[in-house]
Amino acid sequence: MSSDTPGYFLIGLMTGTSVDGIDAVLVRIGSGEFSLQSTLNLPLPADLQQAVLDLCQPGDNEIDRAGAVSRQLSLCYAQACQTLLKQTGLKPEQIRAIGCHGQTVRHRPGKSGFSLQLGCPDTLAVETGICVVSNFRNKDMALGGQGAPLVPPFHKQLFARPGQRRAIANIGGMANVTLLDGNTLLGGFDSGPGNVLMDHWIQQHRQQPFDRNGDWAAGGEPDPTLLAKLLDDPYFRLPPPKSTGRELFHADWLAQHLRAHNDPQQVQATLAELTARSISDALTDFAPQQLLVCGGGAHNRHLLARLQHHLGVPVTSTENEGLHPDWVEAAAFAWLAWARLEEKNGNAPAVTGASREAILGQVTLP
């Protein structure tokens, strides 16, 4: 990384499609410097998590509900920041900024598109006494881009290696891929569902938050007919740039493909195969020499094995490259906040399809 200023501390906050908690990191970024100082995962209260999930689909009284949830989320974000400061012994005035992605409840790419993240930056700035950088996506969309994914430029900074053709798969609720040819960022896009359908299915049938290590899926055999139906969704055939979310891949989308006699474990195995196939199919033309995985999906050993089976190349965690998979996305938004304050472009038109590069993010002072 290049910068004309010495390194300084920033906090990055991320709540993703899985809505399972706040990932928070404290990092130091400067000229050629990126170092992870402290990390925290703060689970969201169950009622707040459900309120967020309810807002991910159209419903009654959305504006009032969204306003209240936005404030509540910001108080949780502030708690995460304050805990990080306690862990490190740093004071608010030593933190240059908080990069807060917010909680996406609606992402509508396309002409006149928009992306809506909840989380009130004014509340967060006032509660912490720290400058907040937020609203990273809509500038790119105003320029004709998808507004997503935004992490590929950060992936390039950390994981690009001369002479190596690498793909990065960020597998959260949704999955996105980054294409790196040496030091060149060739592209990136959302490949489709990551953990969202697998998590939904095991919650419904086994009352577990997620399929630990992919053990339940690994014990079943995918249903080839169901898999073919799921992979037939038009999204998978769209050329990039493209992005998606819970607006498309949700419980009702899955239910319309199921028969009454579907075996639950077989469905789980099929959903794991759907994620593995949609990612590997998306990477076929790029033909990476290696796949690095971050996000919660990096802990799913069965999923990683299926990815390696389909791709025929080594599949490893980003931890092997210096950054634990749980913290990559939160760190990316700390980096985007750094880029905003340094007046550096944060988007990549090769990824999002925007008409030009742009400085992303809005600054809110305490």
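Every number in this text was worked out from the coordinates using simple rules, so none of it is lab data. In this text, all values refer to a predicted model and were calculated from it rather than measured experimentally. All Cβ positions, even for glycine, are placed from backbone atoms using ideal geometry, and neighbour counts span all protein chains on display.
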- prompt: At what distance in angstrom do the alpha carbon centres of segment 86-127 and segment 191-225 lie from each other?
  reply: 30
task: Could you give me the percent of Cα pairs per 5 Å distance bin for segment 41-155, shortest bin first, beginning at zero and ending with the bin that holds the maximum distance?
output: 2, 11, 19, 19, 19, 17, 9, 3, 1, 0
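Cβ under 10 Å from Q117's Cβ, Q117 left aside: what net charge do those residues give with Lys, Arg +1 and Asp, Glu -1? Display every interim value, and only then the final one.
Details: positive: R106, R137; negative: none.
Combined, the nearby Lys, Arg, Asp and Glu give +2.
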Pair A68, N41: separation of 7 Å Cα→Cβ label points (nm): 2.9
query: Which angle from 0 to 90°, rounded to the nearest 10, does the C-alpha axis of helix 46-55 make with the longest principal axis of the chain?
result: 80
message: I'm spelling it out carefully: the read-out is Rg/Rh (Cα atoms, Kirkwood Rh), the candidates are (1) 0.95; (2) 0.99; (3) 1.44, and one was derived from this structure. Which label?
response: (1)
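Provide the packing ranking of 47-60, 80-93, 323-336, 288-301, i.e. peptides ordered by the mean count of other C-beta atoms within 10 Å per residue, highest first. Please list the in-between numbers first.
Numbers: 47-60: 14.0, 80-93: 15.7, 323-336: 25.0, 288-301: 22.1.
Put in order of decreasing packing, that is 323-336, 288-301, 80-93, 47-60.
Could you tell me which trypsin sites (Lys or Arg not before Pro) in segment 215-280 are loop residues by DSSP with no more than 15 other beta carbons within 10 angstrom of their beta carbon?
Numbers: sites: K229, R237, K242, R246, R259, R277; in loops: K242, R246, R259.
Passing both the DSSP loop test and the Cβ count: R259.
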- request: Calculate one ³J(HN,Hα) per residue across segment 105-112 by plugging θ = phi - 60° into the Karplus curve 6.51 cos²θ - 1.76 cosθ + 1.60, and present them in order as whole Hz with x for glycine and proline.
  value: 10, 7, 10, 10, x, x, 4, 6
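For W327, what charge total do you get from the other residues with a beta carbon under 12 Å from its beta carbon, if Lys and Arg give +1 and Asp and Glu give -1? Could you put the intermediate results ahead of the total?
Numbers: positive: none; negative: D23, E319, D326, E329.
Neighbour charge sum, excluding W327 itself: -4.
Which whole-number percent gives the relative contact order of the chain, counting Cα pairs below 8 Å spaced six or more residues apart?
On the way: 798 pairs, mean separation 77.8, N = 366.
Relative CO of the chain lands at 21 percent.
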statement: Between L118 and residues 5 or more places away or on another chain, the pairs with built amide H atoms under 5 Å apart involve Q103, T104, V105
message: Per 0.36 nm of contour for each residue apart, how much would the distance between L248 and N345 grow if the chain were fully extended, relative to their Cα-Cα spacing?
response: 31.9 nm
message: Sorting check: for 352-360, 133-141, which peptide has the highest mean count of neighbouring beta carbons within 10 Å, and how do the rest follow?
response: 133-141, 352-360
message: List the lysines whose Cα sits under 16 Å from the Cα of K344, skipping any in the same chain fewer than 8 residues away.
response: K139, K156
query: Calculated FRET efficiency, Q289 and R206, Cβ-Cβ r, R0 25 Å, to nearest 0.05?
result: 0.10
query: Assigning unit charges at the beta carbon (Lys, Arg +1; Asp, Glu -1) and nothing else, what dipole magnitude in debye, to the nearest 20, does segment 1-66 show about its Cα centre?
result: 320
query: What percent antiparallel are the DSSP beta bridges of the chain, to the nearest 5?
result: 70
